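Taking it in order: structure first as structure tokens, then the write-up.
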Amino acid sequence: MIKKKLEVISLAVVVAVCGGCRREEIRVYTAPKDPSARQEAAHHPGDGHDHGNEREPAPRPRPQLTWKLPEGWREVAPGQMNVATFSIRDANQEAQVTITPLPMLAGQDALIVNMWRQQVGLQPLSNDMVMAQLQDVVVGGENGKLFEVTGKAAEGETPTRIVTAMVHRSDASWFYKLSGGASLVEAQKPAFIEFLKSIQIKEPAADSQPANETGAPKWEVPTGWKPLRAGPMQVARFAVPARNGATGEVFVSVFPNDTGGTLANVNRWRGQLKLKDVNEAELRSLVTSLDAALPNAVLVDITNNSQQLIGAIVPRGGQWWFYKLLGDAAAVAPERDNFIRFAKSTP
Amino acid sequence: MSRALKFLSSLRLTVVLLGLGILLIFLGTLAQVHEGTWNTQKIYFQSWVITKPLLYHRRWPVILPGGYLIGTVLLVNLILAHFRGANWGQRNVGQVLAHHVPLLALVFVATWVAVRSPFVGMGFFIALLALDMWISRAGPLKDTYTGKKLGINFTHVGVVMLLLGQLATDQLAVETNIRFREGETRSWSEKHRETELVFLQDVNTAQEKVVSIPESLLARKGELRDEKLPFVVRVKEYAPNSKLRERAPVMDKSPPPATQGDGTKLTVEPQPEVYDDKRRNLPYAVIELLHGGNSLGTWLVSILLEAQEVKVGNDTWRIALRSERTYRDFSLTLLDFTHDVYPGTTKPRDFRSRVRLEDPKTRENREVDIFMNNPLRYGGETFYQSSFDEFDPRVTILQVVRNPSWLTPYFGCGAVGYGLTRHFLFYLIGFILKRRSA
């Protein structure tokens, strides 16, 4: 009798342990809605920004570039990471030229080359093999390195070819990339080399430095704005005071050109609030002058549902300053005057 | 007693199991180098067997007993050993129970008091021991029942409670976290590792209907149906970790991963899973929605993407892959977060969150400070100050733990502590009395 009881106890313990397994099933419930997307709209995956946790220095003002455009090349709106993009087409193929400054890549040539090799489906090479493949090239009077990769293609398809020149400067590593169908890229390579030679680099004027001697901008930050860690491609970032759960943030970036013009930037901002693009005619009714003392500086105020974005584009000292206040309308609207004063103030 | 029962209740088995337990902890500690803390916990301690453990950069072709197997056999061994050799016929069972059960209950009460107020609880323990000693040695039970083994029995009860308590914690405890900025209100918390595919539909301006499919069902792929969904969900691709990037028009010649939504502009590449505590996996799935037998298109869902709209007739749904959420009836609003470090270092000295707790059901509305070693306990959950955002001084991270068996280890330790002390004192007093009478 006792034996049986003991066996039952042993079995019960095992069953109790096994019985605890959880089941996964579809759940249906009603829940309060999320507060609408806020600052994430300004910093989302695929935007070309680095979402890692590395602390990066605020970018220094970049030099201005001018060039002689080869025949058949057409300048198009640059992506977020590029300062210039050109499109080349022939009857069958398409190629693209981009100019991209990226920070902290000096001394990592092997990594860069292998990154592009992997993109076209090639195996990475050892450091020595990469170094052996780098050729000298002149970009705007400065010495750089050039490398080429040609990808594998399926039968009947044109392989992709990339010709990249890179120059490691003190402000950033500059990449000039010609990519596209192999035969078109091969045909355009002499023009690309001439294009690189034609580039003229004008260093930023001393008075256009955004930072003072201590490295911090000299502008006057409105009371109540909390400084936050600026993301890559940003000079500064602030949080405006929260109001009943509504929040907003200010982002400041500076570029050596107008990154595609007012229309492209306003449409990019409208896209962040999930609004449709406007055309030149519609743009005129949306944009106002920021300040009579700042010629060509514009202000735009966009609202969609509870979200609001106030943006300012200010050409200053040969550079373009982009200010953006984005967040819940309840937090953004009361800060409009502060934001305008901030955007007008000299950094 | 059969041979199997003799084996199961033997002291030799206990020693072997304790040895295996030590080996398991040793190997589990080594394994954290490659597997990370969370995965090691799953593979070594919350499993029945461990096959081909990854140690020192290679997989060893061995099978080892996992934590559940060792724990279960130890539990059976402990219970059976207690009954082994017991001569129940010669004891007054009623008297034993009349002494054991109320005493054990009082030990638990003393433990509960000690959790809330350590000094009062300790006083309770000492008073209880004194009373127990008097009853057993000098009081009404001194001639009839000595309670010789009571200390050992209580120690065994305590160990059984520790084993069962850990099992209950593994099975019932849920850990989530809340990450919010100053000014934000949260009525939900999120799991750190598990994700869910959600279909959202507005109920009114403030609420939405949520149909949540756990990641484990997505991983099986195939078709998923629910009567609340107007479509069938066919999971075409899934990976627990991935890399997402914008499509490069010249480079990406293969078709985009989805025909609708954000996936038309992106490229996704599956990545190996990561297990270390500083990185997280970024799962993705490509799903096809079928309505009335017709395909509505395919969507790429990723934890990095926001909700995407789907129109079915006059209804609008939103699809998103997000961290698995747990909603509650009450909410917390972060009023202020302060994070102080020791001067000249980045070592945290004090970080605390002032939150407003609002519960419409109980009409609770109060401000609470949550800081290190001072969690908020509310609604059967404990809210700990867990972490902060290195780059945003306004963001706090609270860890939320729901563990219905959180008192079990305390009760287990209380019973073990009382049992060992009582055993020692019982024989010490017996020895002293013997010397005196001699």
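The values are calculated or read from the model by the stated rules, or taken from the named source; none is laboratory data. The structure presented is a predicted model; accordingly, all values stated were derived computationally and were not measured. Glycine also receives a Cβ, built like all others from the backbone with ideal geometry; neighbour counts cover every protein chain displayed. The area values use the complete protein model at the heavy-atom level, side chains included, leaving out ligands, DNA and RNA. Shrake-Rupley method; radii C 1.70, N 1.55, O 1.52, S 1.80 Å.
Looking only at residues in the stretch B:387-404 that are open to solvent by less than 70 Å² (accessible area, probe 1.4 Å) and at pLDDT 90 or above, the one that is farthest from the other protein chains (Cβ to nearest Cβ) is B:399. Of the strands (runs of 3 or more DSSP E) entirely within the stretch B:287-368, those holding at least 1 residues that are in the same structural domain as residue B:209 (by TED's automatic domain parsing) and under 19 Å from residue B:258 (Cα atoms) occupy B:294-302, B:308-312, B:315-341. Among the residues of the stretch B:247-276, those identified as at pLDDT below 90, assigned to a strand (DSSP E or B) and either open to solvent by 50 Å² or more (accessible area, probe 1.4 Å) or of a type in the set (S, T, N, Q) (or both) are B:267, B:269.
Residue-level check: of (1) assigned to a loop (DSSP other than H, G, I, E, B); (2) open to solvent by 20 Å² or more (accessible area, probe 1.4 Å); (3) within 14 Å of chain A (Cβ to nearest Cβ), residue B:183 misses just (2). Restricting the stretch B:186-209 to residues that are charged (D, E, K, R) and within 10 Å of chain A (Cβ to nearest Cβ), the residue that is nearest to residue B:316 (Cα to Cα) is B:202.
Within the stretch B:370-386, can one find any residue that is within 30 Å of residue A:226 (Cα to Cα), of a type in the set (Val, Ile, Thr) and within 14 Å of chain A (Cβ to nearest Cβ)? Looking through the stretch B:370-386, none of the residues is within 30 Å of residue A:226 (Cα to Cα), of a type in the set (Val, Ile, Thr) and within 14 Å of chain A (Cβ to nearest Cβ). Within the stretch B:219-237, the set of residues being open to solvent by less than 40 Å² (accessible area, probe 1.4 Å) and more than 10 Å from every other protein chain (Cβ to nearest Cβ) comprises B:222, B:231, B:232, B:235. Evaluating residue B:296 against the criteria (1) open to solvent by 30 Å² or more (accessible area, probe 1.4 Å); (2) more than 14 Å from chain A (Cβ to nearest Cβ); (3) within 34 Å of the chain's Cα centre (by Cα) leaves one unmet condition, (3). Kindly evaluate residue B:425 against the criterion of being surrounded by fewer than 16 Cβ atoms within 10 Å (Cβ to Cβ) and assigned by TED's automatic domain parsing to the domain that holds residue B:130. Against the criterion (surrounded by fewer than 16 Cβ atoms within 10 Å (Cβ to Cβ) and assigned by TED's automatic domain parsing to the domain that holds residue B:130), residue B:425 does not qualify. Scan the stretch A:186-221 residue by residue and report those that are among the β-branched types (Val, Ile, Thr) and either modelled with pLDDT of 75 or more or part of a helix (DSSP H, G or I) (or both). Within the stretch A:186-221, A:193, A:199, A:221 qualify.
Condition check for residue B:364 on (1) out of contact with any Ser or Thr (no Cβ under 8 Å at 6 or more places or on another chain); (2) closer than 28 Å to residue A:229 by Cα; (3) in contact (Cβ under 8 Å) with a residue 24 or more places away in the chain; (4) surrounded by fewer than 19 Cβ atoms within 10 Å (Cβ to Cβ): one failure, at (2). Screening B:362, B:326 for residues that are out of contact with any Gly (no Cβ under 8 Å at 6 or more places or on another chain), modelled with pLDDT under 95, closer than 23 Å to residue B:174 by Cβ and within 14 Å of chain A (Cβ to nearest Cβ) leaves exactly one candidate, B:326.
Checking the conditions here, which among B:172, B:197 is surrounded by 16 or more Cβ atoms within 10 Å (Cβ to Cβ) and under 24 Å from residue B:277 (Cα atoms)?
B:197
Within the stretch A:130-185, which residues are hydrophobic (A, V, I, L, M, F, W, C) and assigned to a loop (DSSP other than H, G, I, E, B)?
Just the residues of the stretch A:130-185 that are hydrophobic (A, V, I, L, M, F, W, C), to begin with: A:130-132, A:134, A:137-139, A:146-147, A:149, A:153-154, A:162-163, A:165-167, A:172, A:174-175, A:178, A:182, A:184-185.
A:134, A:153, A:154, A:172 - these are the residues of the stretch A:130-185 that are hydrophobic (A, V, I, L, M, F, W, C) and assigned to a loop (DSSP other than H, G, I, E, B).
Mind listing whichever residues of the stretch A:240-259 are surrounded by fewer than 19 Cβ atoms within 10 Å (Cβ to Cβ) and within 11 Å of chain B (Cβ to nearest Cβ)? Residues satisfying the conditions are A:241, A:243, A:244, A:245.
Looking across the stretch B:58-75, the residues that are assigned to a helix (DSSP H, G or I) and either in contact (Cβ under 8 Å) with a residue 60 or more places away in the chain or open to solvent by 30 Å² or more (accessible area, probe 1.4 Å) (or both) come down to B:68, B:69, B:71, B:73, B:74, B:75.
Of everything listed in (1) part of a strand (DSSP E or B); (2) more than 9 Å from every other protein chain (Cβ to nearest Cβ); (3) out of contact with any Lys or Arg (no Cβ under 8 Å at 6 or more places or on another chain), the single unmet condition for residue B:244 is (2). The residues of the stretch A:169-195 that are in contact with a strand residue (DSSP E or B) (Cβ under 8 Å, 6 or more places away or on another chain) and closer than 16 Å to residue A:145 by Cα, listed by number, are A:169, A:172, A:173, A:174, A:175, A:176, A:177, A:178, A:189, A:192, A:193, A:195. Does residue B:301 satisfy being crowded, with 20+ Cβ neighbours inside 10 Å and farther than 25 Å from residue B:327 by Cα? In short, no. Exactly one residue out of A:142, A:94 is surrounded by fewer than 16 Cβ atoms within 10 Å (Cβ to Cβ), at negative phi and within 11 Å of another protein chain (Cβ to nearest Cβ): that is A:94.
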